[in-house]
Amino acid sequence: EIVLTQSPTTIAASPGEKVTITCRASSSVSYMYWYQQKPGASPKPWIYDTSKLASGVPNRFSGSGSGTSYSLTINTMETEDAATYYCQQWSSTPLTFGSGTKLEIK
Amino acid sequence: QVQLKESGPGLVQPSQTLSLTCTVSGFSLMDYSVHWVRQPPGKGLEWMGRMKYDGDTYYNSALKSRLSISRDTSKSQVFLKMNSLQTEDTAIYYCTTRGGYNPFAYWGQGTLVTVSS
């Protein structure tokens with residue numbers, strides 16, 4: 001099973017600040033997927049195939065990485081970006097998720 | 001449009017069996033796989049298993065001995081059954097399917113299952 005380790009667990013950012021969330025895989029994966037989840041809501045697809053933004057995702061978000069190291073970056077934090085973000089791989093089964101990074105507004 | 005909706009009992013007693021239904025619309029179960037994902041309150045996401053479009057199933061090995069996923073294509077429904085429930089199985093249970101290149105593009109609203117006597 002591929003274990004995904006996200007860091008940080010929690011982060012607080014001010015509006016306009018740049019934010020980076022990291023996801024490290026225990027073995028190499030081909031692509032990374034990211035989901036955004038707000039309290040009381042189902043997860044939403046956010047980034048797919050490592051760097052492609054899902055429909056409706058603002059272009060201040062970006063994704064990058066390869067092998068065992070991936071990241072999600074917000075160029076300029078906005079209040080609506082406060083949420084928990086999960087990385088996910090399906091290069092091998094079982095599909096696994098990271099433990100999540102809670103992003104708060106400072 | 002694509003929709004998924006989970007249904008089932010909100011409360012299950014310890015050691016009993018959980019039965020959930022995912023009713024889908026906007027696509028055929030013979031064209032797209034449906035996965036089950038759960039989330040304990042305040043915790044992260046766990047992939048449970050999938051019903052593939054061709055009828056094949058695959059389970060998370062951590063749950064495999066207790067889990068069964070089946071479907072009724074005529075009713076556009078996917079079923080989850082898990083036995084020997086314990087309190088740690090308390091979670092929101094989601095069904096989800098892919099869209100385009102997104103493996104989990106569409107999600108149901110989730111259904112909270114509490115395991116308690």
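The values are calculated or read from the model by the stated rules, or taken from the named source; none is laboratory data. Everything numeric here is computed off the predicted structure, so don't read it as measured data. Backbone-built Cβ (ideal geometry, glycine too); neighbour counts: all protein chains shown.
Select from the range B:76-103 the residues that are buried (at least 17 other Cβ atoms within 10 Å of the Cβ) and modelled with pLDDT under 95 and write down the one among them that is farthest from the other protein chains (Cβ to nearest Cβ).
Among those residues, the one meeting the criterion is B:ARG98.
For the structure I just gave you, tell me whether B:ARG66 is more than 8 Å from every other protein chain (Cβ to nearest Cβ), of a type in the set (Lys, Arg) and touching an Asp or Glu at 6+ places or on another chain (Cβ under 6 Å).
Against the criterion (more than 8 Å from every other protein chain (Cβ to nearest Cβ), of a type in the set (Lys, Arg) and touching an Asp or Glu at 6+ places or on another chain (Cβ under 6 Å)), B:ARG66 does not qualify.
Within the range B:28-42, can you find the residues that are in contact with a Cys (Cβ under 6 Å, 6 or more places away or on another chain) and of a type outside the set (A, V, I, L, M)?
Correct list: B:TRP36 only.
I need the full set of residues from the range B:26-52 which are in contact (Cβ under 8 Å) with a residue 40 or more places away in the chain, touching a Phe, Trp or Tyr at 6+ places or on another chain (Cβ under 7 Å), part of a loop (DSSP other than H, G, I, E, B) and not hydrophobic (A, V, I, L, M, F, W, C), in order please.
Passing the criteria: B:TYR32, B:SER33.
Can you work out which of the residues in the range A:83-106 that are assigned to a loop (DSSP other than H, G, I, E, B) and under 12 Å from the mean Cα position of the chain (by Cα) is surrounded by the fewest Cβ atoms within 10 Å (Cβ to Cβ)?
Only one residue fits best here, namely A:SER99.
If you scan the range A:51-76, which residues turn out to be aliphatic (A, V, I, L, M), within 14 Å of another protein chain (Cβ to nearest Cβ) and closer than 18 Å to A:LYS18 by Cβ?
Taking the range A:51-76 first, the residues aliphatic (A, V, I, L, M) are A:53-54, A:57, A:72, A:74.
If we keep only those that are within 14 Å of another protein chain (Cβ to nearest Cβ) too, we end up with A:53-54, A:57.
Result: A:LEU53, A:VAL57.
Condition (residue is in contact with a Cys (Cβ under 9 Å, 6 or more places away or on another chain) and either farther than 23 Å from A:SER14 by Cβ or at pLDDT below 95 (or both)) applied to the range A:53-60: is it met by at least one residue? Step through it out loud before you land on a result.
Step one: filter the range A:53-60 for residues in contact with a Cys (Cβ under 9 Å, 6 or more places away or on another chain), giving none.
Within the range A:53-60, not a single residue is in contact with a Cys (Cβ under 9 Å, 6 or more places away or on another chain) and either farther than 23 Å from A:SER14 by Cβ or at pLDDT below 95 (or both).
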